[in-house]
Amino acid sequence: MDIGNPMDTPILSVADGVVVHAGDDATEIFGAFPNDYGQLIVLQLGQRYGDQALFALYGHVNQISVAPG
């Protein structure tokens, strides 16, 4: 789901989890091609779906104030 917001809208996590990526996607590809999301945050959620990990991706982020871990 892609939800557009005005610039500088705070991003709140959808659930508890651990940041696994915070930065650009120029070298590590998360979308269809390099730099698809620009600056992004990937969060591994605390919940699972069966034996699968769940992730939330926040793309096109203006300012990142978190780090992996």
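The values are calculated or read from the model by the stated rules, or taken from the named source; none is laboratory data. Bear in mind the structure is a predicted one, so any value in this text is a computation, not a measurement. Side chains included, ligands, DNA and RNA excluded: accessible areas come from the protein's heavy atoms. Shrake-Rupley method; radii C 1.70, N 1.55, O 1.52, S 1.80 Å.
Just a few scattered comments:
- Any chance F55 is among the hydrophobic types (A, V, I, L, M, F, W, C) and over 9 Å from the mean Cα position of the chain (by Cα): no
- Only one of the numbered conditions (1) open to solvent by less than 50 Å² (accessible area, probe 1.4 Å); (2) modelled with pLDDT of 95 or more is not met by G38, and that is (2).
- Among residues of region 41-63, those that are within 18 Å of I3 (Cα to Cα) and open to solvent by less than 70 Å² (accessible area, probe 1.4 Å), counted: 8
- Hits in region 2-25 (condition: of a type outside the set (A, V, I, L, M) and under 14 Å from the mean Cα position of the chain (by Cα)): D2, P10, S13, D16, G17, H21, G23, D24, D25
- Residue match in region 26-33 (condition: open to solvent by less than 90 Å² (accessible area, probe 1.4 Å) and under 12 Å from the mean Cα position of the chain (by Cα)): yes
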